[in-house]
Amino acid sequence: MRNIPLTVRFIIQPERQNLYEEFSQQVLSLQEDPESPINYQLPSTWIRSTENKLRFLVPYNSDEYTSMVNCFDQTMKGIYTSIIRIERIQNQRWFLQYQVHRQEFNKRLAIDTERLLYHGCSQSAANLIIEDCFNRSFAGAHGTTYGIGMYFSSDASYSDNFTEVNSDGERCMFVARVLVGNTTQGNRSIKTRPVGFDSTTDGKHIFVIYHDAQAYADYLITYK
């Protein structure tokens, strides 16, 4: 399937006014001609849908599924017994916000700092995230050692520690695109990104971000 061309249009909801004003300003700052729409391409794996669906099952016999499992297995083998399903998240509004951030990061840093990282959480939290992105208002729920922000890790077994078993004995973990940008050592006192940096880290596998649209949840892995 080819990438799906997309023209960005804005519908501003009153309760999200500040977020969308910031988003619009970033879009305009990246355009040479503010009167022209910005065209982005959605991922080639996305499925066209006339419904307002945000979650799509990834076929277990697809390369997409195999790739997710192989990466997951690198640190999770022996920790889980089975993968129940892998869902692709197709939240177009959130994806566009993220793409604007990515373009700004690439322009500013002259390098692509996007990384695929894991984020473990409860099923109820996962449902909220899919609807409305990673929300900093929940930051600190599982610790603030490296800053009061949203935590991600390149080690799935670490993120597994922050999952919760649901009534069916299942756990949830996101595979997310994260813009780490310029990163620096974090500590408990950090509440916003330090001046000159975009994220904080433990120096190994943990990254903390301080902007909701600096990460995009690509997939949700449900497992036992």
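Worth pointing out:
- Within region 53-104, being part of a helix (DSSP H, G or I), modelled with pLDDT of 95 or more and not aromatic (F, W, Y) holds for D63, E64, T66, S67, M68, V69, N70, C71, D73, Q74, T75, M76.
- In region 173-193, the count of residues that are under 13 Å from S122 (Cβ atoms) and at pLDDT 95 or above is one or more.
- Scanning region 188-220 for residues that are surrounded by 16 or more Cβ atoms within 10 Å (Cβ to Cβ), among the aliphatic types (A, V, I, L, M) and not in a strand (DSSP E or B) yields I190, A213.
- Residues in region 125-163 that are modelled with pLDDT of 95 or more and exposed (fewer than 15 other Cβ atoms within 10 Å of the Cβ): N161 alone.
- The C-beta contact set for region 44-60 (first residue among the basic types (K, R), second residue part of a loop (DSSP other than H, G, I, E, B), distance under 9 angstrom, 6+ apart or interchain) comprises R48/M1; K53/I47; K53/Q90; R55/Q90.
The values are calculated or read from the model by the stated rules, or taken from the named source; none is laboratory data. What you see is a predicted model; the values in this text were computed from it and never measured. Heads up, the Cβs are rebuilt from the backbone with ideal geometry, glycines too, and the neighbour counts pull from every protein chain shown.
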